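Take a look at the structure set out below.
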Amino acid sequence: MPIGWVETELHVVSEILDNLRKPINSTERGGRIGNIPYYGATGQAGWIDDYLFDEELVLVGEDGAPFFDKTKNVAYLINGKSWVNNHAHVLKAISKISSNKYLLHFLNQFDYKDYVGGTTRLKLTQGDLKIIPIPLPPLPEQQRMMDKLDSLFGHLAALKTRLDHIPQLLKDFRQKVLTQAVTGKLTEEWREGMELDEWKNIELKSVCLSITDGDHQAPPQVKEGVPFLVISNVSKGYFDFDSITRFVPRSYFETLKATRIPQKGDVLYTVTGSFGIPILVDFDREFCFQRHIAILKPNRTKINSSFLQIVLSSTKILEQAREVATGTAQLTVPLNGIRNFTADIPKLEEQHEIVRRVESLFAKADQIEAGYQKLKVKIEQLPQALLAKAFRGELVEQLPTDGDARELLEEIRKAKAGLEKGGRTKKMKENEEVRMVAEDGARYGKK
């Protein structure tokens, strides 16, 4: 323990007000709507028209809380009128001697390994909650710790807000690259001085050998065989073979028409539900797919496979897809609609240059995104690192004038004894008894 600190148990430095909380059953929850929040194991669970508490409290999950997930909080702070059900413990620090915020931060960095039981649903009993060991610094140091954490967490929140913009910025950047690619702006300077033909607005069917979709007959299923892809296996914009759960026998696969068998250089295009997602087949692997996915086999003497994917990713093609989509519950882009999509297509030489530039810019965006993901992980770990540092006594300077926490602990014990003898806790118990009698009287028609 740092000099001047003392270790005690959680029940010593706080009131545990679990006896004043009250569950809400599903019938009451459905019929009792108000403007007062009620809380459970992980935060606000809904609204109600009555309250049990009207003050600042610390709630810590009793069951169902993320006790072993250090990226999430087990305890949280509430203030004002509130109702707490029986899935959260209710704590309040001894006033003017310790703080709710101190309890909150401590409980959010505590290792619950030896205090939580259960298998399918972890539970922290009141008995185990009471004996959680808690370090107690002198009150001045405690206050400096909380001020420092407030400042650091404020900076961290601002940083998270700025970082949260990065995924959308990268998405917008990629879309602008695609727009410049299909409008000729990306290679505008590159074309200067070169004798190239003008771009031609043509239908996709004129640059593809075939445009069709998966077999319309329900295929036979086997436990092992040729992978059979559905929309969910490609809806993220890449082939997710790890999530495939359906396979077809080789005998079925070999009966498919050649136009329905994917080959390296083909482009798949989702047509139902999550429509408009193009994916380039850039590998040699046997698989087939459902009829909700189209396959375009490019004529490589007229169009580069990667350029075809770029064209299909453009907002111009997506707009055409929306115009021809049919259906109500699930929109579907018909094959004839895809065949008649129009796009501005340059000569192959410029297509190759466009693909090279798009891949180069996308690679830079991917590097930024990878850096963002690493930074995001570090930032998610930072609160725990800060809290651990704080409760080791390393976050703020210890001053000789702070005093000794043993004196503070003695004051806490005296204040706690006063509460238990006839102060706040007793009064709240009496109020609760009055409330329960009134409710029983109303229920049975008594005055």
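Where a number appears in this text, it was derived from the coordinates with a stated rule and is not lab data. Predicted model, so just to flag it, every value in this text is computed and none were measured. Here the Cβ is made from the backbone with ideal geometry for all residues, glycine too, and neighbour counts use every protein chain on show.
Computed packing ranks the peptides 174-185, 110-121, 210-221 as 174-185, 210-221, 110-121, most packed first, by mean other Cβ atoms within 10 Å. Summing charges over all other residues whose Cβ lies under 10 Å from the Cβ of PHE239, with Lys and Arg as +1 and Asp and Glu as -1, gives -1.
First check a/c for segment 316-383, with a ≥ b ≥ c the square roots of the eigenvalues of its C-alpha gyration tensor; if it is under 1.5, answer rounded, and if not, answer prolate when a/b is larger than b/c or oblate otherwise.
Values: a/c = 5.73, a/b = 1.48, b/c = 3.86.
Taking the square roots of the gyration eigenvalues as a ≥ b ≥ c, segment 316-383 is oblate.
Can you compute the helix-only [θ] at 222 nm over the chain? Use -39500 (n - 2.57) per DSSP H run of at least 4 residues, normalise by all residues, nearest 500 deg cm²/dmol. Before the final figure, lay out the partial values.
Numbers: 14 runs with 181 residues, N = 447.
The helix-only estimate for the chain comes to -13000 deg cm²/dmol at 222 nm.
An ellipsoid equivalent to the chain, defined through the eigenvalues of its Cα gyration tensor, has semi-axes of 63, 29, 20 Å when rounded to whole angstrom and sorted largest first.
DSSP bridge analysis restricted to the chain gives an antiparallel fraction near 90%, rounded to the nearest 5. Assuming a ≥ b ≥ c are the square roots of the Cα gyration tensor eigenvalues, decide whether segment 1-129 counts as rounded (a/c under 1.5), prolate (otherwise, with a/b larger than b/c) or oblate. Oblate.
Where does segment 200-345 land on the Kirkwood hydrodynamic radius, alpha-carbon pairs, in angstrom? Can you show the working numbers first?
Working: mean 1/r = 0.0647 Å⁻¹.
Hydrodynamic radius (Kirkwood, Cα pairs) of segment 200-345 is 15.5 Å.
Taking a ≥ b ≥ c as the square roots of the eigenvalues of the Cα gyration tensor, an a/c ratio of 1.5 or more together with a/b no larger than b/c marks segment 254-303 as oblate.
Summing charges over all other residues whose Cβ lies under 15 Å from the Cβ of VAL267, with Lys and Arg as +1 and Asp and Glu as -1, gives +4. Taking the average, over residues, of other Cβ atoms within 10 Å as the packing measure, peptides 161-171, 49-59, 63-73 rank 49-59, 63-73, 161-171 from highest down.
Of the listed peptides 311-319, 190-198, what is their order by residue-averaged count of other C-beta atoms within 10 Å, with the highest listed first? Please report the intermediate quantities before stating the final value.
Numbers: 311-319: 18.6, 190-198: 9.3.
Order by mean packing, descending: 311-319, 190-198.
Extension gain, LYS376 to ALA158, is 77.2 nm, computed as 0.36 nm per intervening residue step minus the present C-alpha separation. Entry for segment 61-165 at q = 0.13, 0.24 Å⁻¹: log10 I(q)/I(0) = -0.59, -1.39, Debye formula applied to identical alpha-carbon scatterers, no solvent contribution. If eta is 0.692 mPa s and T is 37 °C, what Stokes-Einstein diffusion coefficient results for segment 283-417, Kirkwood Rh from Cα pairs, in µm²/s? Translational D for this selection: 150 µm²/s.
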